[in-house]
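See below for the structure under consideration.
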Amino acid sequence: MNKEPEFERVLIKLSGEALMGNQGFGITPEMIHYVAEEIAKVYRLNVQISIVVGGGNIFRGVAGSSAGMDRTSADNMGMLATVINSLALCDALEKCDVPTRVQSAIPMDRIAEPFIRLKAIRHLEKGRVVIFAAGTGNPYFTTDTAAVLRAHETHAQILFKATQVDGVYDKDPVVHDDAVMFRELSYMRVIEKQLHVMDMTAISLAMEHDLPLQVFDLHQEGNIYKAVTGQEDIGTRIYNK
């Protein structure tokens, strides 16, 4: 398993739902420990790692607004949910001997540093993992968009989306038995086909700044390590062609 990393600096986007494990809500201790161990394997390759975690396991703003809640209030609640997940992941990583800092886009100095771009880069250069919490700090923007934005701001070479599925398909594989998974895609094709990878704001921003994206299954042990070391059979790679 000893391989050289393909990338020096990466950003990993984790879905909040991935932290639930088999339960329907919240954070499963076993799952967050598993995620921390998977990230620690990559950290030991001397790769600079930043992370954005979603908040869907606690509260999802779009779902709240569809139930009649004001969208701004719902999104603010969703951003706070990402802070809870970020603090939990920080604790789990520290227990794996991975020095970690949480930076929040919403000021809350007692529990997290404010997001300061140059300070985040300095943390990465000093070998600390940085978790970016509270999305962009603004309603109406998803944590996918926050991940692309932070990846660009910190000069990450690639964005890894570690999620619940093993790649990007031409149709929903849960519903359609004949769904085909793509190994490679262009951003333009994702937009043209309206493929469900990230929201279109995130996809457009990644395409504009030529940021490669790789989507793969978080639950398959070793996948983050394989993605960072450039093993071709992991998920779907999206880039400008």
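Quick one: would you say Ala40 is modelled with pLDDT of 95 or more, small (Gly, Ala, Ser), surrounded by 14 or more Cβ atoms within 10 Å (Cβ to Cβ) and closer than 15 Å to Leu87 by Cα? Give the derivation first.
Details: modelled with pLDDT of 95 or more: yes; small (Gly, Ala, Ser): yes; surrounded by 14 or more Cβ atoms within 10 Å (Cβ to Cβ): yes; closer than 15 Å to Leu87 by Cα: no.
It is false that Ala40 is modelled with pLDDT of 95 or more, small (Gly, Ala, Ser), surrounded by 14 or more Cβ atoms within 10 Å (Cβ to Cβ) and closer than 15 Å to Leu87 by Cα.
Would you please name the residue that is surrounded by the fewest Cβ atoms within 10 Å (Cβ to Cβ), looking only at residues in segment 197-222 that are touching an Asp or Glu at 6+ places or on another chain (Cβ under 6 Å) and not in a strand (DSSP E or B)? If you could, list the steps in order and put the result at the bottom.
The first filter runs over segment 197-222 and keeps only residues touching an Asp or Glu at 6+ places or on another chain (Cβ under 6 Å), leaving 198-199, 202, 217.
Narrowing the set further to residues that are not in a strand (DSSP E or B) leaves 198-199, 202.
Values: Met198: 24, Asp199: 16, Ala202: 24.
Ranking the qualifying residues of segment 197-222, first place goes to Asp199.
Selection of segment 173-187 for residues being among the acidic types (Asp, Glu) and under 24 Å from the mean Cα position of the chain (by Cα) yields only Glu184. Got a sec? Which of Val52, Val83, Val98, Val102 is in contact with a strand residue (DSSP E or B) (Cβ under 9 Å, 6 or more places away or on another chain), surrounded by 16 or more Cβ atoms within 10 Å (Cβ to Cβ) and in a loop (DSSP other than H, G, I, E, B)? Of the residues listed, the single one that is in contact with a strand residue (DSSP E or B) (Cβ under 9 Å, 6 or more places away or on another chain), surrounded by 16 or more Cβ atoms within 10 Å (Cβ to Cβ) and in a loop (DSSP other than H, G, I, E, B) is Val98. Among the residues of segment 148-174, those identified as more than 11 Å from Asp217 (Cβ to Cβ) and part of a loop (DSSP other than H, G, I, E, B) are Thr154, His155, Ala156, Gln157, Asp170, Lys171, Asp172, Pro173, Val174. Within segment 186-196, is there a residue that is in contact with a helix residue (DSSP H, G or I) (Cβ under 9 Å, 6 or more places away or on another chain), assigned to a strand (DSSP E or B) and over 22 Å from Val42 (Cβ atoms)? Checked against the condition, which is being in contact with a helix residue (DSSP H, G or I) (Cβ under 9 Å, 6 or more places away or on another chain), assigned to a strand (DSSP E or B) and over 22 Å from Val42 (Cβ atoms), segment 186-196 yields at least one hit.
What number of residues within segment 159-189 satisfy the criterion of being of a type in the set (A, V, I, L, M, F, W, C) and in contact with a Lys or Arg (Cβ under 9 Å, 6 or more places away or on another chain)?
Residues of segment 159-189 that are of a type in the set (A, V, I, L, M, F, W, C), as a first pass: 159-160, 162, 165, 168, 174-175, 179-182, 185, 188.
Then keep just the ones that are in contact with a Lys or Arg (Cβ under 9 Å, 6 or more places away or on another chain); that gives 159-160, 162, 179-180, 182, 185, 188.
Selection size over segment 159-189: 8.
Residues in segment 121-141 that are buried (at least 20 other Cβ atoms within 10 Å of the Cβ), in contact (Cβ under 8 Å) with a residue 40 or more places away in the chain and closer than 24 Å to Ala81 by Cβ: Val129, Val130, Ile131, Phe132, Ala133, Ala134, Gly135. Taking first residues from segment 7-32 that are over 19 Å from Met77 (Cα atoms) and touching a residue at least 24 places away in the same chain (Cβ under 8 Å) and partners that are assigned to a strand (DSSP E or B) and aromatic (Phe, Trp, Tyr), the Cβ contacts under 9 Å between residues at least 6 apart in sequence or on separate chains come to Val10/Phe160; Leu11/Phe132; Leu11/Phe160; Ile12/Phe160; Lys13/Phe160.
The values are calculated or read from the model by the stated rules, or taken from the named source; none is laboratory data. Computed from a predicted model, the values in this text were never measured in an experiment. When we count neighbours, we look across all protein chains shown, and the Cβ atoms used for this are built from the backbone with ideal geometry, even at glycine.
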